[in-house]
Amino acid sequence: MDNSEKNIVVFSGIGDSSLSALDLRNPETIKKVNISAAGGLHGITVCENRQFLYFADMYGNRVGSYNIYEGRAGENTSAGAAPCHIAVRGGLLYVSNSDSDSISVIDSEDMSAVISIPSGRMPHDMAVWNSSVLAAESGPDSIGIIDGVNCEYGERIQVKCSPAHICRIPGKDIFAAACTEYGLEIKGYICLINMERPGLEERIRVGHCLTDIEADEDGVHVFVTDGGRGSIYKVNILNGLVVGNLNLSGFPVSVSAGCGNGRITVVDGENRLIYILRKDTFTVEKIVRGRGETAHLLCI
């Protein structure tokens, strides 16, 4: 793989235990790698030098690795019940276990278990801030803060709605969480978390049922997918305005904004489609048929 730019989109297959790769420079061909897993591959992430991919096997309750340079599967280890997302900090993997309400800490070098940390109910996506790891907890409508040095839970920040995904705003100590408020009316919110003085800074009302969020490198905009309305929004977090609204139909479940040559990629989990968007015009450049049901994607 060419690591000079992030032109490779990797996405995980839920039903067929596979990782697939799409080269944005030649999007006609999708390369597929079968992984020895029980199925339900969900969250995927990559280490800092982009040599190893790590993936969560929800059905097998395991976390595995894949050596990108050598094109082979690496070691895997047990996690909690229904692991769904992974964050990398230093040489450790932090794995959210959505059914056992815990965070597994794993040594990435030998894939050995370090400790299991009790969390709030239904932890999902995670993000790293200095020595801490933030976890989106759907059950208590909060963002949990994990002390990465001592591997223990600290405080929780209430966001008053259910967070699914979280990302850091580049160059700032601000995190944005894609949240959904369930009631008589389902409402979407982008919740901004200020880690300089840990707390909820603002809630931006947008969309219906938010499924994923990614920050633009400009530190001003975020891209958020709405499964309820089949849309992706571009939102200015400085003034809280939706500056772009693109209907994709289906059920968009994951977005990656850091792709090469100013592109954004979005997965439609319902129709098994990969949308390639132009960031500058916020328009669809190409639609690629995926292979099987897809849960998560990232650009490497």
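The values are calculated or read from the model by the stated rules, or taken from the named source; none is laboratory data. Predicted model, so just to flag it, every value in this text is computed and none were measured. As a convention, Cβ positions derive from the backbone with ideal geometry for all residues, glycine included, and neighbour counts pool all protein chains shown. For the accessible areas, the whole protein counts, side chains as well, though only heavy atoms, and no ligand, DNA or RNA atoms are used. Shrake-Rupley method; radii C 1.70, N 1.55, O 1.52, S 1.80 Å.
Data for the structure
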| read-out | value |
| --- | --- |
| Listing of strands (runs of 3 or more DSSP E) fully contained in the range 244-288 that carry 1 or more residues being touching a Gly at 6+ places or on another chain (Cβ under 6 Å) and within 20 Å of Arg168 (Cα to Cα) | 252-259 |
| From Pro170, Pro140, Pro163, residue being over 14 Å from Ile86 (Cα atoms) and in contact with a Lys or Arg (Cβ under 9 Å, 6 or more places away or on another chain) | Pro140 |
| Test result for Arg263, open to solvent by 40 Å² or more (accessible area, probe 1.4 Å) and of a type in the set (Lys, Arg) | no |
| Positions within the range 142-160 being in a strand (DSSP E or B), open to solvent by 50 Å² or more (accessible area, probe 1.4 Å) and in contact with an Asp or Glu (Cβ under 8 Å, 6 or more places away or on another chain), in sequence order | Arg156, Gln158 |
| Test result for Ser119, under 19 Å from Cys84 (Cβ atoms), in contact with a Lys or Arg (Cβ under 8 Å, 6 or more places away or on another chain), crowded, with 18+ Cβ neighbours inside 10 Å and at pLDDT below 95 | no |
| Cys191 being more than 30 Å from Arg289 (Cβ to Cβ) and within 20 Å of the chain's Cα centre (by Cα) | yes |
| Every residue from the range 86-100 that is over 16 Å from Cys167 (Cα atoms), out of contact with any Pro (no Cβ under 9 Å at 6 or more places or on another chain) and in contact (Cβ under 8 Å) with a residue 24 or more places away in the chain | Gly90, Leu92, Leu93 |
| Cross-chain or 6+ apart pairs with Cβ under 6 Å, the range 161-183 first and in a strand (DSSP E or B), then basic (Lys, Arg) and open to solvent by 50 Å² or more (accessible area, probe 1.4 Å) | Phe175/Arg168; Glu181/Lys187 |
| In the range 106-129, the residues that are in a loop (DSSP other than H, G, I, E, B), in contact with a Gly (Cβ under 8 Å, 6 or more places away or on another chain) and of a type outside the set (Lys, Arg) | Ser108, Glu109, Met111, Ser119, Gly120, Met122 |
| Residue match in the range 233-245 (condition: aliphatic (A, V, I, L, M) and in contact (Cβ under 8 Å) with a residue 40 or more places away in the chain) | yes |
